[in-house]
1. When residues of the stretch 98-120 are filtered for being without any contact (Cβ under 8 Å) to a residue 24 or more places away in the chain and either touching a Ser or Thr at 6+ places or on another chain (Cβ under 7 Å) or within 13 Å of ligand 2 (Cβ to nearest atom) (or both), how many remain?
2. Return the residues of the stretch 215-270 that are assigned to a helix (DSSP H, G or I), among the aromatic types (Phe, Trp, Tyr) and open to solvent by 20 Å² or more (accessible area, probe 1.4 Å); say none if nothing qualifies.
3. In the list Arg101, Arg71, which residue meets the criterion of being away from ligand 1 (no atom under 16 Å from the Cβ) and farther than 23 Å from Ala155 by Cβ?
4. For the stretch 289-317, enumerate the residues that are small (Gly, Ala, Ser), part of a helix (DSSP H, G or I) and in contact with a Gly (Cβ under 9 Å, 6 or more places away or on another chain).
5. Among (1) more than 15 Å from ligand 1 (Cβ to nearest atom); (2) closer than 19 Å to His79 by Cα, there is one condition Lys123 misses while meeting the rest; what is its number?
6. If I filter the stretch 81-90 for residues that are over 23 Å from Leu196 (Cα atoms) and either of a type outside the set (A, V, I, L, M, F, W, C) or open to solvent by 10 Å² or more (accessible area, probe 1.4 Å) (or both), do I get at least one hit?
7. Restricting attention to the stretch 133-153, which residues are exposed (fewer than 13 other Cβ atoms within 10 Å of the Cβ) and more than 21 Å from Lys43 (Cβ to Cβ)?
8. Can you name the residue in the stretch 33-49 that is at pLDDT below 95 and among the small types (Gly, Ala, Ser) and, of all such residues, is surrounded by the fewest Cβ atoms within 10 Å (Cβ to Cβ)?
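The values are calculated or read from the model by the stated rules, or taken from the named source; none is laboratory data. In this text, all values refer to a predicted model and were calculated from it rather than measured experimentally. We place every Cβ from the backbone using ideal geometry, glycine too, and count neighbours over all the protein chains shown. For the accessible areas, the whole protein counts, side chains as well, though only heavy atoms, and no ligand, DNA or RNA atoms are used. Shrake-Rupley method; radii C 1.70, N 1.55, O 1.52, S 1.80 Å.
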Amino acid sequence: MQTATIAPTMSEAPGLPKYEFSAILAASERVNWRVEDLIGGDKRLDFSKPFLPESLARVEPLAFLSAKERRILNQIRGHDYLYIFGLVEEFILPFVLDHARPALHGNDARVRAFLKFAGEEAKHIDLFKRFREDFLQSFGSPCEVIGPPEAISQAVLSKHPLAIALVILHIEWMTQRHFVDSIVNDEKLDAQFKSLLKHHWMEEAQHAKLDTLMVQAIFEGSTEEERAKAIDGYLEIGSMLDAGLAQQVKLDFESLKRATGRGFTQEEFEWFHEVQLQATRWTFLGSGMSHKNFLDVAEFVQKGSMARLETIAQLFS
Ligand SMILES: [Fe+2]
Ligand SMILES: [Fe+2]
């Protein structure tokens with residue numbers, strides 16, 4: 001199974017990559033995997049291995065933790081990754097369906113590509129859930145998470161569609177970057193977790209392109225005033241998610257205490273918080289916001305956004 005390169009074709013919008021629905025649909029049909037092929041039966045997480053690459057987990061700078069404790073923290077961050085991706089898929093799925101619905105009798109490839117996109121996100125929700133179940137069966141202590149997902153999903157979906165589409169585009173390119181920059185060549189990771197990241201990446205490659213077309217379509221149907229507010233709206237959702245991530249880092253510290261059965265000094269907590277907050281921000285905010293392809297689309301939506309977002313993304317590096 002491999003993702004295909006999608007050849008650009010003609011499009012009306014200047015300044016954006018030119019993707020074609022039929023090519024995206026054909027590429028997505030070549031990627032064909034089932035959740036059951038990745039987890040369940042004898043396919044279990046191996047807790048003797050890390051789950052996330054160090055560039056995302058950033059556990060190594062925490063010198064007050066033993067090697068085993070750093071691995072446990074890496075796995076807690078892996079659990080966050082499963083949960084937070086499951087959570088964002090909860091608002092991506094209805095948004096994509098709402099986008100597809102008004103034009104169900106239009107371009108056949110467009111309708112099929114968006115319905116496949118939605119179906120894949122529903123599959124990903126199941127995928128992340130099953131991996132979390134496996135994790136929680138074996139990890140040995142509870143890992144609390146922010147939420148509930150429905151409340152976060154509702155808060156995001158109350159924003160303007162152009163802002164939401166930009167957030168989704170950020171998430172899709174972020175997934176691509178995680179895999180290509182730091183997962184594909186990491187031989188130390190647990191095989192099942194790496195397989196999840198790889199298979200997610202394979203389908204998200206098509207989503208990133210469909211999202212670009214989705215942003216373009218919503219942009220074309222928006223007023224000048226709505227366009228001018230889109231990047232602010234994207235940043236408002238980003239700062240809402242950032243507040244959630246800060247909460248999650250504190251919950252992770254509690255999970256680490258429970259899992260290791262040891263106490264920490266105030267100084268160690270502050271050290272943990274400083275490193276892990278930035279690690280979590282880079283994982284979910286900085287790595288998407290500074291992605292070249294995302295920035296190109298942001299610049300298309302509002303001139304000057306690329307420089308603005310590059311500056312803001314430095315806070316999440
Ligand atoms: Fe997904
Ligand atoms: Fe996706």
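1. 1
2. Phe219, Phe269
3. Only one candidate passes the filter, namely Arg71.
4. Ala313
5. Of (1) more than 15 Å from ligand 1 (Cβ to nearest atom); (2) closer than 19 Å to His79 by Cα, only one is false for Lys123: (1).
6. no
7. Correct list: Pro142, Pro148, Glu150, Ala151.
8. By that ranking, first place goes to Gly41.
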